[in-house]
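Trainee: Below are the C-alpha coordinates for one structure; questions will follow.
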Amino acid sequence: MNRPNATCGNAARARDSLTNAPGPNPPVDDRSKYLGSARLAGTACAGAAVCTDAVPSPLPTVARALHLHVLGSGSRGNCALVEGPQGLIMIDDGFSRREVLARMHELDLNENDVHALVLTHEHSDHVSGVSVWVKRWEGPLFASQGTPDARKYLACLPFETFGPGEEFEVAGVRVQTFPTTHDVVNPVGFRFSCQGDAIGYVTDTGTLPPGAMSLLHDARILAIESNHDVPMLRTGSYPRHLQDRIISELGHLSNEQAAGALRELVTDRTEHVIAMHISQENNRPSLAVRALAAAVNAKLDNELGSTATLERSEGLPALRIRAAGQNRPISIL
(Lines give C-alpha, C1' and ligand atoms only; values in the text may rest on other atoms or scores of the structure.)
Protein backbone atom coordinates (compact mmCIF):
# COMPACT_ATOMS: atom_id res chain seq x y z
CA MET A 1 0.00 0.00 0.00
CA ASN A 2 1.40 3.37 -1.00
CA ARG A 3 1.48 6.25 1.47
CA PRO A 4 2.18 9.52 -0.40
CA ASN A 5 3.42 12.61 1.43
CA ALA A 6 0.87 14.87 -0.26
CA THR A 7 -0.35 17.96 1.57
CA CYS A 8 -3.25 20.27 0.84
CA GLY A 9 -3.37 23.59 2.68
CA ASN A 10 -5.17 23.18 6.01
CA ALA A 11 -5.61 19.48 5.32
CA ALA A 12 -1.90 18.71 5.76
CA ARG A 13 -1.29 16.51 8.75
CA ALA A 14 0.81 13.60 9.95
CA ARG A 15 -0.96 10.25 10.08
CA ASP A 16 -0.36 7.51 12.61
CA SER A 17 0.03 3.94 11.47
CA LEU A 18 -3.12 1.82 11.49
CA THR A 19 -2.05 0.03 14.64
CA ASN A 20 -1.73 3.34 16.50
CA ALA A 21 -5.14 4.74 15.56
CA PRO A 22 -6.78 6.39 18.60
CA GLY A 23 -9.69 4.67 20.25
CA PRO A 24 -13.22 6.01 19.65
CA ASN A 25 -15.28 8.09 22.01
CA PRO A 26 -18.02 6.16 23.78
CA PRO A 27 -20.86 5.59 21.32
CA VAL A 28 -23.86 7.85 21.59
CA ASP A 29 -26.20 4.95 22.06
CA ASP A 30 -25.55 1.54 23.54
CA ARG A 31 -25.44 -1.01 20.73
CA SER A 32 -23.88 -3.72 22.91
CA LYS A 33 -27.25 -5.42 23.12
CA TYR A 34 -26.93 -6.21 19.40
CA LEU A 35 -23.51 -7.83 19.70
CA GLY A 36 -23.53 -11.59 19.94
CA SER A 37 -20.81 -13.71 21.55
CA ALA A 38 -18.44 -14.51 18.71
CA ARG A 39 -16.22 -17.57 18.61
CA LEU A 40 -12.75 -16.07 18.33
CA ALA A 41 -10.03 -17.76 16.34
CA GLY A 42 -7.17 -16.91 14.02
CA THR A 43 -5.04 -13.76 14.07
CA ALA A 44 -6.18 -10.61 15.83
CA CYS A 45 -7.01 -7.59 13.68
CA ALA A 46 -4.29 -4.96 13.74
CA GLY A 47 -4.64 -2.63 16.69
CA ALA A 48 -7.79 -4.34 17.94
CA ALA A 49 -7.83 -6.01 21.31
CA VAL A 50 -11.49 -6.85 20.92
CA CYS A 51 -11.58 -7.98 17.29
CA THR A 52 -10.27 -11.17 15.75
CA ASP A 53 -11.01 -12.78 12.44
CA ALA A 54 -13.01 -15.85 13.32
CA VAL A 55 -13.74 -19.15 11.68
CA PRO A 56 -17.46 -18.80 10.83
CA SER A 57 -19.65 -20.29 13.52
CA PRO A 58 -22.07 -23.06 12.51
CA LEU A 59 -24.77 -20.87 14.09
CA PRO A 60 -25.32 -18.00 11.62
CA THR A 61 -26.85 -15.68 14.20
CA VAL A 62 -23.92 -15.72 16.65
CA ALA A 63 -21.77 -12.87 15.35
CA ARG A 64 -23.23 -9.39 14.91
CA ALA A 65 -20.12 -7.32 15.53
CA LEU A 66 -20.68 -5.03 12.53
CA HIS A 67 -23.51 -2.67 11.58
CA LEU A 68 -24.16 -0.68 8.40
CA HIS A 69 -25.55 2.84 8.34
CA VAL A 70 -26.49 4.23 4.91
CA LEU A 71 -26.75 8.02 5.07
CA GLY A 72 -27.84 8.22 1.45
CA SER A 73 -27.46 6.27 -1.78
CA GLY A 74 -28.16 7.60 -5.25
CA SER A 75 -27.06 9.99 -7.97
CA ARG A 76 -27.43 13.06 -5.71
CA GLY A 77 -25.00 11.83 -3.07
CA ASN A 78 -23.60 8.69 -1.44
CA CYS A 79 -22.24 8.05 2.03
CA ALA A 80 -22.35 5.04 4.35
CA LEU A 81 -20.73 4.03 7.61
CA VAL A 82 -19.59 0.63 8.82
CA GLU A 83 -19.72 0.41 12.60
CA GLY A 84 -17.34 -1.96 14.36
CA PRO A 85 -16.13 -2.43 17.94
CA GLN A 86 -13.66 0.48 17.69
CA GLY A 87 -15.79 3.00 15.82
CA LEU A 88 -16.91 3.97 12.32
CA ILE A 89 -15.46 3.60 8.83
CA MET A 90 -16.94 6.03 6.30
CA ILE A 91 -17.54 4.77 2.75
CA ASP A 92 -17.51 7.68 0.28
CA ASP A 93 -18.68 11.21 1.04
CA GLY A 94 -20.84 12.85 -1.58
CA PHE A 95 -22.73 15.19 0.78
CA SER A 96 -21.95 18.48 2.47
CA ARG A 97 -20.51 18.27 5.96
CA ARG A 98 -23.71 19.76 7.36
CA GLU A 99 -25.80 17.08 5.66
CA VAL A 100 -23.52 14.25 6.80
CA LEU A 101 -23.68 15.45 10.39
CA ALA A 102 -27.44 15.89 10.29
CA ARG A 103 -27.96 12.38 8.99
CA MET A 104 -25.46 10.86 11.41
CA HIS A 105 -27.15 12.55 14.34
CA GLU A 106 -30.53 11.32 13.11
CA LEU A 107 -29.14 7.79 13.55
CA ASP A 108 -27.55 8.69 16.93
CA LEU A 109 -24.04 8.44 15.49
CA ASN A 110 -21.12 10.60 16.66
CA GLU A 111 -18.78 12.17 14.10
CA ASN A 112 -15.90 11.79 16.58
CA ASP A 113 -16.20 8.02 16.18
CA VAL A 114 -15.24 8.12 12.48
CA HIS A 115 -11.79 6.49 12.28
CA ALA A 116 -11.21 6.19 8.54
CA LEU A 117 -12.64 7.08 5.14
CA VAL A 118 -12.53 4.74 2.13
CA LEU A 119 -13.57 5.49 -1.45
CA THR A 120 -15.22 3.27 -4.02
CA HIS A 121 -14.37 5.61 -6.94
CA GLU A 122 -14.00 9.26 -7.90
CA HIS A 123 -17.40 10.29 -9.30
CA SER A 124 -18.56 13.51 -7.68
CA ASP A 125 -21.68 12.00 -6.09
CA HIS A 126 -19.29 9.87 -4.04
CA VAL A 127 -16.45 12.31 -3.25
CA SER A 128 -17.70 15.92 -3.45
CA GLY A 129 -17.76 16.29 0.33
CA VAL A 130 -14.34 14.79 1.11
CA SER A 131 -12.17 17.93 0.94
CA VAL A 132 -14.44 19.84 3.35
CA TRP A 133 -14.83 16.84 5.69
CA VAL A 134 -11.07 16.44 6.21
CA LYS A 135 -10.61 20.07 7.26
CA ARG A 136 -12.19 19.24 10.62
CA TRP A 137 -11.32 15.56 10.88
CA GLU A 138 -8.14 13.53 11.18
CA GLY A 139 -7.90 9.90 10.18
CA PRO A 140 -6.52 7.72 7.40
CA LEU A 141 -7.88 8.13 3.89
CA PHE A 142 -7.93 5.10 1.58
CA ALA A 143 -8.51 4.90 -2.17
CA SER A 144 -7.50 2.67 -5.04
CA GLN A 145 -4.44 3.58 -7.07
CA GLY A 146 -5.16 6.43 -9.45
CA THR A 147 -8.44 7.43 -7.85
CA PRO A 148 -7.18 10.52 -5.93
CA ASP A 149 -5.35 11.79 -9.02
CA ALA A 150 -8.59 11.81 -10.98
CA ARG A 151 -9.85 14.83 -8.98
CA LYS A 152 -7.74 17.90 -8.20
CA TYR A 153 -9.32 18.32 -4.78
CA LEU A 154 -8.47 14.68 -3.93
CA ALA A 155 -4.97 14.65 -5.41
CA CYS A 156 -3.63 17.02 -2.76
CA LEU A 157 -4.92 14.93 0.15
CA PRO A 158 -2.73 12.30 1.85
CA PHE A 159 -4.48 9.18 0.62
CA GLU A 160 -3.06 5.75 1.29
CA THR A 161 -3.59 3.88 -1.96
CA PHE A 162 -4.11 0.19 -2.66
CA GLY A 163 -4.50 -1.99 -5.70
CA PRO A 164 -7.96 -3.48 -6.28
CA GLY A 165 -7.80 -6.92 -4.68
CA GLU A 166 -5.54 -5.85 -1.82
CA GLU A 167 -6.67 -5.68 1.80
CA PHE A 168 -5.89 -3.69 4.92
CA GLU A 169 -7.04 -3.39 8.52
CA VAL A 170 -8.33 -0.28 10.23
CA ALA A 171 -10.38 0.46 13.35
CA GLY A 172 -10.37 -3.23 14.25
CA VAL A 173 -11.93 -4.28 10.93
CA ARG A 174 -10.45 -6.26 8.07
CA VAL A 175 -11.18 -4.51 4.76
CA GLN A 176 -10.92 -6.67 1.64
CA THR A 177 -11.22 -4.94 -1.73
CA PHE A 178 -12.24 -6.22 -5.14
CA PRO A 179 -12.34 -4.61 -8.60
CA THR A 180 -15.65 -3.57 -10.10
CA THR A 181 -16.48 -2.38 -13.64
CA HIS A 182 -17.39 1.29 -14.01
CA ASP A 183 -16.25 4.14 -16.25
CA VAL A 184 -13.64 5.44 -13.82
CA VAL A 185 -9.97 4.72 -13.03
CA ASN A 186 -9.99 1.86 -10.51
CA PRO A 187 -13.45 1.27 -9.01
CA VAL A 188 -13.73 -1.12 -6.06
CA GLY A 189 -16.15 -2.77 -3.70
CA PHE A 190 -15.52 -4.00 -0.17
CA ARG A 191 -15.97 -6.82 2.29
CA PHE A 192 -15.70 -5.73 5.92
CA SER A 193 -15.02 -8.52 8.45
CA CYS A 194 -14.64 -8.74 12.22
CA GLN A 195 -15.35 -11.39 14.85
CA GLY A 196 -16.89 -13.74 12.30
CA ASP A 197 -19.29 -11.07 11.04
CA ALA A 198 -19.17 -9.60 7.50
CA ILE A 199 -20.67 -6.83 5.40
CA GLY A 200 -20.50 -6.93 1.59
CA TYR A 201 -20.73 -3.56 -0.18
CA VAL A 202 -20.90 -2.92 -3.93
CA THR A 203 -22.35 -0.08 -6.00
CA ASP A 204 -21.59 1.61 -9.33
CA THR A 205 -20.62 -1.40 -11.37
CA GLY A 206 -21.92 -2.80 -14.64
CA THR A 207 -20.96 -6.37 -13.78
CA LEU A 208 -19.93 -8.47 -10.80
CA PRO A 209 -16.57 -10.08 -11.63
CA PRO A 210 -15.58 -13.39 -9.99
CA GLY A 211 -13.59 -11.61 -7.28
CA ALA A 212 -16.63 -9.57 -6.36
CA MET A 213 -18.89 -12.62 -6.22
CA SER A 214 -16.38 -14.44 -4.02
CA LEU A 215 -16.07 -11.66 -1.44
CA LEU A 216 -19.75 -10.74 -1.40
CA HIS A 217 -20.80 -14.35 -0.82
CA ASP A 218 -22.02 -15.34 2.67
CA ALA A 219 -22.02 -11.80 4.13
CA ARG A 220 -24.50 -11.24 6.96
CA ILE A 221 -25.34 -7.81 5.53
CA LEU A 222 -25.23 -7.42 1.74
CA ALA A 223 -25.51 -3.93 0.23
CA ILE A 224 -25.78 -4.42 -3.53
CA GLU A 225 -26.54 -2.00 -6.34
CA SER A 226 -29.97 -2.34 -7.93
CA ASN A 227 -29.86 0.81 -10.01
CA HIS A 228 -32.42 0.59 -12.78
CA ASP A 229 -35.37 -1.25 -14.24
CA VAL A 230 -34.45 -1.93 -17.87
CA PRO A 231 -37.95 -1.30 -19.35
CA MET A 232 -38.20 1.99 -17.43
CA LEU A 233 -34.74 3.01 -18.61
CA ARG A 234 -35.42 2.17 -22.26
CA THR A 235 -38.77 3.98 -22.34
CA GLY A 236 -37.68 6.91 -20.18
CA SER A 237 -36.43 10.40 -20.93
CA TYR A 238 -32.68 9.66 -20.97
CA PRO A 239 -31.01 10.01 -24.40
CA ARG A 240 -30.00 6.75 -26.03
CA HIS A 241 -26.26 7.24 -25.47
CA LEU A 242 -26.83 7.65 -21.72
CA GLN A 243 -29.12 4.63 -21.62
CA ASP A 244 -26.42 2.60 -23.35
CA ARG A 245 -23.79 3.81 -20.89
CA ILE A 246 -25.92 2.85 -17.86
CA ILE A 247 -26.77 -0.58 -19.22
CA SER A 248 -23.20 -1.36 -20.33
CA GLU A 249 -20.53 -3.32 -18.49
CA LEU A 250 -19.10 0.02 -17.33
CA GLY A 251 -22.43 1.31 -16.03
CA HIS A 252 -24.74 0.14 -13.27
CA LEU A 253 -26.38 -3.09 -12.17
CA SER A 254 -30.04 -3.48 -13.06
CA ASN A 255 -32.69 -5.02 -10.82
CA GLU A 256 -32.47 -8.18 -12.90
CA GLN A 257 -28.69 -8.39 -12.61
CA ALA A 258 -28.75 -7.84 -8.85
CA ALA A 259 -31.48 -10.47 -8.47
CA GLY A 260 -29.48 -12.97 -10.51
CA ALA A 261 -26.42 -12.40 -8.35
CA LEU A 262 -28.46 -12.76 -5.18
CA ARG A 263 -29.24 -16.39 -5.97
CA GLU A 264 -25.52 -17.15 -5.66
CA LEU A 265 -24.56 -14.70 -2.91
CA VAL A 266 -27.20 -15.33 -0.24
CA THR A 267 -26.62 -18.11 2.28
CA ASP A 268 -28.31 -19.13 5.52
CA ARG A 269 -26.01 -16.64 7.26
CA THR A 270 -27.31 -13.68 5.24
CA GLU A 271 -29.78 -11.63 7.29
CA HIS A 272 -30.10 -8.38 5.34
CA VAL A 273 -30.04 -7.40 1.67
CA ILE A 274 -30.07 -3.67 0.91
CA ALA A 275 -30.83 -2.45 -2.62
CA MET A 276 -28.44 0.44 -3.29
CA HIS A 277 -28.06 3.39 -5.68
CA ILE A 278 -31.65 3.21 -6.96
CA SER A 279 -32.27 5.57 -9.87
CA GLN A 280 -34.98 8.14 -9.23
CA GLU A 281 -35.68 8.37 -12.96
CA ASN A 282 -35.40 4.75 -14.06
CA ASN A 283 -36.45 2.66 -11.09
CA ARG A 284 -38.61 2.47 -8.00
CA PRO A 285 -37.66 1.05 -4.58
CA SER A 286 -40.61 -1.35 -4.80
CA LEU A 287 -39.43 -2.67 -8.18
CA ALA A 288 -35.97 -3.36 -6.78
CA VAL A 289 -37.33 -5.04 -3.66
CA ARG A 290 -39.76 -7.16 -5.69
CA ALA A 291 -37.00 -8.33 -8.02
CA LEU A 292 -34.64 -9.23 -5.18
CA ALA A 293 -37.41 -10.90 -3.19
CA ALA A 294 -38.44 -13.06 -6.14
CA ALA A 295 -34.86 -14.24 -6.58
CA VAL A 296 -34.77 -15.79 -3.08
CA ASN A 297 -38.49 -16.60 -2.67
CA ALA A 298 -39.03 -13.94 -0.03
CA LYS A 299 -42.55 -12.63 0.57
CA LEU A 300 -43.46 -8.96 0.37
CA ASP A 301 -44.31 -7.47 3.75
CA ASN A 302 -46.93 -5.09 2.36
CA GLU A 303 -48.81 -4.17 -0.79
CA LEU A 304 -46.36 -1.39 -1.59
CA GLY A 305 -43.49 -3.85 -1.76
CA SER A 306 -41.25 -1.61 0.34
CA THR A 307 -39.76 -4.57 2.23
CA ALA A 308 -39.74 -8.34 1.99
CA THR A 309 -38.92 -11.21 4.33
CA LEU A 310 -37.86 -14.80 3.89
CA GLU A 311 -38.73 -16.80 7.00
CA ARG A 312 -36.43 -19.75 7.46
CA SER A 313 -36.54 -22.95 9.43
CA GLU A 314 -36.19 -22.90 13.20
CA GLY A 315 -32.75 -21.82 14.37
CA LEU A 316 -31.96 -19.82 11.21
CA PRO A 317 -32.34 -16.04 10.97
CA ALA A 318 -34.92 -14.50 8.65
CA LEU A 319 -33.67 -12.76 5.54
CA ARG A 320 -34.94 -9.19 5.24
CA ILE A 321 -34.83 -7.12 2.05
CA ARG A 322 -35.21 -3.36 1.83
CA ALA A 323 -34.04 -0.42 -0.27
CA ALA A 324 -31.68 2.38 0.72
CA GLY A 325 -32.94 5.82 -0.23
CA GLN A 326 -31.51 9.13 -1.36
CA ASN A 327 -33.08 11.26 1.35
CA ARG A 328 -33.57 9.15 4.49
CA PRO A 329 -30.70 7.49 6.39
CA ILE A 330 -31.16 3.93 7.61
CA SER A 331 -29.35 1.63 10.05
CA ILE A 332 -28.98 -2.11 9.51
CA LEU A 333 -27.95 -3.83 12.71
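The values are calculated or read from the model by the stated rules, or taken from the named source; none is laboratory data. If you're wondering where the values come from, they're calculated on a predicted model, not measured in any experiment. Every residue, glycine among them, receives a Cβ derived from its backbone with ideal geometry; neighbour counts consider all protein chains shown. Ligands, DNA and RNA are excluded from the accessible area calculation, which covers all protein heavy atoms including side chains. Shrake-Rupley method; radii C 1.70, N 1.55, O 1.52, S 1.80 Å.
Trainee: Expected output is a single nm value to one decimal: the length gained when fully extending between SER306 and MET1, i.e. 0.36 nm times separation in residues minus the C-alpha distance. What is it?
Mentor: Length gained, SER306 through MET1: 105.7 nm.
Trainee: Hey, what did region 119-162 get for relative contact order, percent, Cα under 8 Å, at least 6 apart?
Mentor: 41 percent
Trainee: Enumerate the residues in region 190-218 having an amide nitrogen under 11 Å from the point lying 7 Å beyond the Cα of GLU167 toward its Cβ.
Mentor: Inside the label zone: 191-194, 215.
Trainee: Please work out whether region 145-270 counts as rounded, prolate or oblate from its C-alpha gyration tensor, where a ≥ b ≥ c are the square roots of the eigenvalues and a/c under 1.5 means rounded, while otherwise a/b larger than b/c means prolate and anything else oblate?
Mentor: Because a/c hits 1.5 or more and a/b fails to exceed b/c, region 145-270 counts as oblate.
Trainee: A follow-up question, please. Where q = 0.13, 0.18, 0.26 Å⁻¹, what log10 of I(q)/I(0) comes from the Debye formula for region 97-184, counting one point per Cα?
Mentor: Ignoring solvent entirely, the Cα scatterers give -0.46, -0.88, -1.43.
Trainee: Based solely on C-alpha atoms, express the radius of gyration and the Dmax of region 167-224 in angstrom.
Mentor: Answer for region 167-224, Rg first and Dmax second: 11.2, 35 Å.
Trainee: Calculate the FRET efficiency for ARG263 and GLN145 from the Cβ-Cβ distance with a Förster distance of 35 Å, rounded to the nearest 0.05.
Mentor: With a Förster radius of 35 Å, E is 0.60.
Trainee: Let me ask another. Would you mind calculating the relative contact order of region 224-333 from Cα pairs under 8 angstrom and at least 6 residues apart, reporting the percent as a whole number?
Mentor: 28 percent
Trainee: Taking the Cα centre of region 252-333 as the origin, how large is its charge dipole in debye, to the nearest 20, when only Lys and Arg (+1) and Asp and Glu (-1) carry charge on their Cβ atoms?
Mentor: Dipole about the Cα centre, nearest 20: 120 debye.
Trainee: Per residue, how much accessible surface does region 198-308 expose to a 1.4 Å probe? Answer in Å², no decimals.
Mentor: On a per-residue basis, 41 Å².
Trainee: Give me the dipole magnitude in Debye, nearest 20, for region 102-235 about the Cα centre, with unit charges on the beta carbon: positive for Lys and Arg, negative for Asp and Glu.
Mentor: 200 debye
Trainee: What is the extension gain from LEU333 to SER124, computed as 0.36 nm multiplied by their sequence separation minus the C-alpha to C-alpha distance, in nm to one decimal?
Mentor: 72.4 nm
Trainee: Set Lys and Arg Cβ to +1 and Asp and Glu Cβ to -1, take the dipole of region 164-283 about its Cα centre, and tell me which of LEU262, PRO209, ASN282 lies farthest positive.
Mentor: Going by the charge dipole, the pick is ASN282.
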